[in-house]
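Data first, discussion second: the structure below is written as C-alpha cells.
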Amino acid sequence: MIIEELDAELMEWLSGTNLEHKQHEAMQLLTVSEDQWPHQAMISMGEVIAINPHQLRLALWQGTQTSMNMSKTGKATLIAVQGHRLLHIRIEVERLPEMKGAVHPRDRFEAQVLHVRVDYAPYAEITSGITFQLKDELGAITRWKETIEELRK
C-alpha cells in the first residue's frame, strides 16, 4: 500500500518527543554511493523529526558517507518498523545551511516525503525492527533532545 504523506501515527512517532521511550528504536537510512552501490546507515529517533506530513528534517554526523551521498543525489529512503508496519519512506533531500553555534554540529537536511510504501505480511505480524541499547542513556538522550531542538529551527 502507498500513502502520500505521513499519517497521524507516523507524525507522533517522528515528533521528536518522548525520546526516553523511543531510545531503543532506529531506522535504516538508504542512499546510493558514487559507484552506484546501495549504502546503509542507521539513524536514531533523536536525529529525525517530522515538521508536517510532507516534510522531515534529519541531522547526520558531519562528513559521513551518507551525508555526502545525500548531498550529491538529493535522494534517500528511510526504512522502519513502526506499529507492526514495515515502512519505506522515500524522500528528496536538500542540505540546510550550517547552524552557527550548534550545540552538536551536524549535517542537517530538509526532506520532502514523496510517498510511504507500507508493507504488511498477511501471514505474520511484524514485531520489531532495528533496536539497540544505549551505552550512555542520559548523555545520548540529552544530545538527542538538543539535536531535535536545533532541527526545529
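Each row is one residue, and each column tells you yes or no for (1) in contact with a helix residue (DSSP H, G or I) (Cβ under 8 Å, 6 or more places away or on another chain); (2) of a type outside the set (A, V, I, L, M); (3) open to solvent by 30 Å² or more (accessible area, probe 1.4 Å).
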site	(1), (2), (3)
LEU114	no, no, yes
ASP119	no, yes, yes
SER128	no, yes, yes
TRP144	yes, yes, no
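Beta carbons closer than 6 Å, at least 6 apart along the sequence or on distinct chains, pair a first residue in region 2-16 that is within 19 Å of LEU58 (Cβ to Cβ) with a second that is open to solvent by less than 50 Å² (accessible area, probe 1.4 Å) and not hydrophobic (A, V, I, L, M, F, W, C) for GLU5/PRO53; LEU6/PRO53; TRP13/GLN82. Of the residues making up region 17-48, those that are of a type in the set (D, E, K, R), touching a residue at least 24 places away in the same chain (Cβ under 8 Å) and open to solvent by 70 Å² or more (accessible area, probe 1.4 Å) are GLU20, GLU34. When both residues are 6+ apart or on different chains and their Cβ atoms are under 9 Å apart, which pairs have a first residue that lies in region 51-65 and is closer than 17 Å to SER33 by Cβ and of a type in the set (A, V, I, L, M, F, W, C), and a second that is at pLDDT 95 or above and part of a loop (DSSP other than H, G, I, E, B)? Close Cβ pairs satisfying both conditions: LEU60/GLU47; LEU60/ARG106; TRP61/GLU47; TRP61/ARG106. The single residue among THR131, THR142 that is free of Cβ contacts under 8 Å to residues at least 60 places away in the same chain and over 16 Å from MET1 (Cα atoms) turns out to be THR142. Starting from residues that are open to solvent by 40 Å² or more (accessible area, probe 1.4 Å) and at positive phi, keep the ones in region 71-108 and report whichever is modelled with the highest pLDDT. Across region 71-108, the extreme among qualifying residues is GLY101.
The values are calculated or read from the model by the stated rules, or taken from the named source; none is laboratory data. Note that this is a predicted model, so its numbers are computed, not measured. Counting neighbours? That spans all protein chains shown, and the Cβs are built from the backbone with ideal geometry, glycine included. Just the protein is used for accessible areas: all its heavy atoms, side chains included, with ligands, DNA and RNA removed. Shrake-Rupley method; radii C 1.70, N 1.55, O 1.52, S 1.80 Å.
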